[in-house]
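K.L.:
Below: one structure in structure tokens.
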Amino acid sequence: MRTMVFDAFSGASGDMILGTLISLGADGERIRQIIESAVDVSVRIEKVKKGGIHAVDVHIDVEHEEHARRYEDLVDIVQNAGLSTKVEHSALAVFGIMAKAESEVHGESLKDLHFHEVGQNDALADVIGSCFAMHEIGADAIYCLPINAGGGRVKAAHGSMPVPAPATLEILRSSGLSFYGSGNRELLTPTGAAILSHFARPIENYPSGKVLSIGYGAGDADTDSPNVLRSILIDTDDDISKDSIEVLETNVDDVTGEVLGNLFEKLLSMGAKDVAIVPATMKKGRTGHIIKVITRSEHSAVIAREIMRETGTLGVRVIPTKHRYTADRRINSVRVIMWGKTYDMPVKISEDRNGEILHISAEYEDCKRVAKELNIPLKDVIRKVEEQAWNVHGPHDRF
């Protein structure tokens, strides 16, 4: 099985992703033609050396200064670009990720939101080109190692911002991609984060397998280590992903439901993958609860301490689980029409490493918002969104 892994040890941007995919084997000339036919830019693809490493450098030359665009303008440009259905859906999903992040950061609705840096023609070119290249390479599974986001501050349309920039950080939060900070400049851009967020699932280590090919995409930064984005195609065997976790468990009694409810929310916010609180009968017939938490090992100590602080338990059992099978998950979006109104609704898609879709579920909070706006049952919104998602993303012979 062909598995692609991104190793963003020096960050990632839209042009770096384009460069590494061309280096990996995507058709650079075809990508240039598609971008230039869709967006008013010119594309230059060169081979350069960054810190001793040969890499592909993609330059997006913009003819004139641009104004901020609305989200609807970006959607129209993508839909009128003449892209294949798969590439168009991916590009719209990437911009949807950026739009949702900007909306969260600025507290504005998508209708009122104006894009500055990520709405310019070079960002459109990066997204359209990267989506085409991803589909052309056709990896069965795509993963991303922890990303170096950089450090310091970055100059943006709204002033000087800490790194990661607020929109980038929101994308990392919503996607679950792992990151760290090293350096004194921005290395991960919102566009780069959104593209990786849409296509790639987080992993902590390389999967076992044989290397098929390696790509390097050049960045613009001058850093101590080569400013390149590495991508690797690996021939792996497993159809289902595995990760390493720990299960924390403790028994508690004399703890109120209010305390347990608060603990549930707090542990999830601290990085727990899942939390279960099960009623139990304790010694001497007392009623109590068993608390079970699934988490990565790096979060175990902090989470165990919080359990003890909140419940008063004197100990937390740790059960290492080295090979948990997991479905790969990605967030995509579908356009649905309800009561004459059009909504772009995010959906969570789980699949095996061969790309076979196992399940599609609508995002609860977004469906709840639409149900409240239209004053219709939540279950009707969820059903409509999931049916449309299966029609767009699922196999046509599902039924």
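The values are calculated or read from the model by the stated rules, or taken from the named source; none is laboratory data. This one's a predicted model, so the numbers in the text were calculated from it and none came from an experiment. Don't worry about glycine lacking a Cβ; one is built from the backbone with ideal geometry, like all the others, and counts go over all protein chains shown. Areas reflect the complete protein model, heavy atoms only, side chains present, ligands, DNA and RNA absent. Shrake-Rupley method; radii C 1.70, N 1.55, O 1.52, S 1.80 Å.
K.L.:
Looking at the chain as a GNM with Cα springs under 10 Å, which of Ala389, Ala280, Ala26 has the largest mean-square fluctuation?
P.N.:
Maximum among the listed residues: Ala280.
K.L.:
Still on this structure, please answer the following. Pairing the Cα long axis of helix 364-374 with the longest principal axis of the chain, what angle in degrees results, from 0 to 90 and rounded to the nearest 10?
P.N.:
Compared with the principal axis, the helix lies near 80 degrees.
K.L.:
Just flag the trypsin sites (Lys or Arg not before Pro) in the stretch 260-326 sitting in loop per DSSP whose Cβ has no more than 10 other Cβ atoms within 10 Å. Mind dumping the intermediate values first?
P.N.:
Details: sites: Lys266, Lys273, Lys283, Lys284, Arg286, Lys292, Arg296, Arg305, Arg309, Arg317, Lys322, Arg324; in loops: Lys273, Arg286, Arg296.
Those satisfying the criteria are Arg286.
K.L.:
Please check which bits of the stretch 121-150 a label hung off Lys86 would reach, taking the label as a point 7 Å along Cα-to-C-beta and the cut-off as backbone N under 17 Å.
P.N.:
In the stretch 121-150, the label zone of Lys86 (backbone N under 17 Å from the point 7 Å along Cα→Cβ) covers 128-143.
K.L.:
Probe radius 1.4 Å, ligands and nucleic acids ignored: give me the carbon and sulfur share of the accessible area of the chain as a rounded percent. Intermediate results must be reported in sequence, preceding the final value.
P.N.:
Numbers: 9650 of 19820 Å².
The computed percentage sits at 49.
K.L.:
Relative to the longest principal Cα axis of the chain, at what angle does helix 121-137 sit, 0 to 90 degrees, rounded to 10?
P.N.:
Roughly 70 degrees between the two axes.
K.L.:
Hey, another quick one. At 1.4 Å probe size, with every protein chain present, just tell me what the per residue accessible area of the chain comes to in Å². Spell out each step's value before the answer.
P.N.:
Details: 19820 Å² over 399 residues.
Accessible area per residue, the chain: 50 Å².
K.L.:
Write down the Kirkwood hydrodynamic radius of the chain, to one decimal in angstroms, obtained as one divided by the mean of 1/r over all alpha carbon pairs.
P.N.:
Numbers: mean 1/r = 0.0440 Å⁻¹.
For the chain, the Kirkwood estimate is 22.7 Å.
K.L.:
Using the structure shown, list the pairs from Lys155/Lys348; Lys47/Lys86; Lys341/Lys372; Lys292/Lys368; Lys111/Lys368; Lys86/Lys111 with a Cα-Cα distance above 22 Å, or answer none.
P.N.:
On the way: Lys155/Lys348 33 Å; Lys47/Lys86 29 Å; Lys341/Lys372 14 Å; Lys292/Lys368 28 Å; Lys111/Lys368 19 Å; Lys86/Lys111 25 Å.
Exceeds cut-off: Lys155/Lys348; Lys47/Lys86; Lys292/Lys368; Lys86/Lys111.
K.L.:
Using helices alone, I'd like the mean residue ellipticity at 222 nm for the chain: each DSSP H run of four-plus residues gives -39500 (n - 2.57), total over residue count, nearest 500. All intermediate terms of the calculation are to be shown ahead of the outcome.
P.N.:
Details: 11 runs with 145 residues, N = 399.
Result for the chain, helices only: -11500 deg cm²/dmol.
K.L.:
Same structure again: Helix 14-24 against the longest principal axis of the chain: what's the angle in degrees, Cα atoms only, rounded to the nearest 10?
P.N.:
Rounded to the nearest ten degrees, it is 80.
K.L.:
Find how many whole Å separate the alpha carbon centroid of the stretch 182-209 from the alpha carbon centroid of the stretch 1-79.
P.N.:
A separation of 16 Å, based on Cα centres.
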